[in-house]
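Q: Here it is, the structure in full.
The values are calculated or read from the model by the stated rules, or taken from the named source; none is laboratory data. Just so it is clear, the structure is predicted and the values come from calculations on it, not from any experiment. Every residue, glycine as well, gets a Cβ built from its backbone with ideal geometry; the counts of neighbours run over all protein chains shown. Side chains included, ligands, DNA and RNA excluded: accessible areas come from the protein's heavy atoms. Shrake-Rupley method; radii C 1.70, N 1.55, O 1.52, S 1.80 Å.
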Amino acid sequence: MAHDEHGHHPVLITVNARSYGWEAKEITFEQAVELAYPGQPPTEQDTYTVRYSRGHDGHSSGSLTAGHSVKVKNGMVFDVYRTSRS
């Protein structure tokens, strides 16, 4: 993996059992949802839950909420759940 101009190199993350090379140092709630459900914009009836594991020490697992982000590390796992109200 090549380093970018800041010395950061891509890491491998898993979102809903699919692997992605991630260039940024952090991932936002919205980015995780987009990776989990590509091309499916959220509607008023959709609620998303983003949980992660295998993160950095002190933040090895937890959840993300809208408007927030978490630092990524190689091998980090994200589970994104969508709940639709009817």
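Q: Looking only at region 13-43, which residues have a backbone nitrogen under 15 Å from a spot 7 Å from the Cα of Arg54 in the C-beta direction?
A: 13-22
Q: Is the shape of region 44-86 best called rounded, prolate or oblate, per the rule: a/c under 1.5 gives rounded, else a/b larger than b/c gives prolate, else oblate, with a ≥ b ≥ c the square roots of the Cα gyration tensor eigenvalues?
A: Numbers: a/c = 3.36, a/b = 2.42, b/c = 1.39.
In terms of gyration-tensor shape, prolate.
Q: What's the local net charge at Asp79, with K and R +1, D and E -1, over the other residues with C-beta under 14 Å away? If you can, show how the numbers build up before the last one.
A: Details: positive: Arg18, Arg51, Arg54, Arg82; negative: none.
Residues near Asp79 contribute +4 overall.
Q: Can I ask one more? What nm value, rounded to one decimal, do you get for the distance between Thr47 and Lys71 when each label is placed 7 Å out toward the C-beta?
A: Label at Thr47, label at Lys71, 3.2 nm between them.
Q: Further question on the same structure: Leaving ligands, DNA and RNA out of it, rank Phe29, Phe78 by accessible area with a 1.4 Å probe, largest first.
A: Numbers: Phe29 25, Phe78 0 Å².
So the residues, ranked largest to smallest area, are Phe29, Phe78.
Q: Still on this model: Under a point-charge model restricted to the Cβ atoms of Lys and Arg (+1) and Asp and Glu (-1), what is the dipole moment magnitude of the chain relative to its Cα centre, in debye to the nearest 20? Kindly include the intermediate steps, with their values, before the conclusion.
A: On the way: 8 positive and 10 negative charges, 67 e Å.
Roughly 320 debye, rounded to the nearest 20.
Q: Among Ser61, Thr28, Asn74, whose Cα lies farthest out toward the positive end of the dipole of the chain, if unit charges sit on the beta carbon of Lys, Arg (+1) and Asp, Glu (-1)?
A: Ser61
Q: Using helices alone, what [θ] at 222 nm do you get for the chain, with -39,500 (n - 2.57) per DSSP H run of 4 or more residues, divided over all residues and rounded to the nearest 500? Could you put the intermediate results ahead of the total?
A: Values: 1 runs with 8 residues, N = 86.
Mean residue ellipticity at 222 nm (helix-derived): -2500 deg cm²/dmol.
Q: Using the C-alpha atoms of the chain, what convex hull volume per residue, in cubic angstrom, is computed? Could the numbers behind the result be given before it?
A: Working: hull volume 8.9 nm³, N = 86.
For the chain, the hull spanned by Cα atoms encloses 104 Å³ per residue.
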